[in-house]
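The next block holds one structure in the form of structure tokens; read it before the comments.
Each value in this text was obtained by applying a stated rule to the coordinates, not by laboratory testing. This is a predicted model, so every value here is computed, not measured. Note that each Cβ is placed from the backbone with ideal geometry, even for glycine, and that neighbours are counted across all protein chains shown.
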Amino acid sequence: MSEQTPARAAEPQGQSVWVRALFMIAFLILFGIGQTVLTAAAILQFLWEAITGQSNANITLFGRSLARWLSAVVLYLLHDTDDKPFPWADWPSGPVYTTPDTE
């Protein structure tokens, strides 16, 4: 009942498992910071909507890009990809998923 995963490409030139481990530790720390930022954004969005009666589009867009970054970090940590997320790549943009108002 085990699921077969696609064969991974050979280890990147010059990158040992220990170098990847250091990157993984850094991304685990950054992921924790990202969770704190996500919590703050969710609280701000709730307060904004409680006061004004509507959500803040800027907080929504930031939350979507933060969700994409958190997802990219998880994929790197679980060895699904060798592509390092931000700050070694551009900050992600665009929706995480399609909603009725973004189609």
(message) Take the conditions part of a helix (DSSP H, G or I), surrounded by 14 or more Cβ atoms within 10 Å (Cβ to Cβ) and under 9 Å from the mean Cα position of the chain (by Cα) and apply them to residue 73. Does it pass?
(response) yes
(request) Can you confirm whether the range 35-46 contains a residue that is closer than 30 Å to residue 19 by Cβ and under 9 Å from the mean Cα position of the chain (by Cα)? (result) no
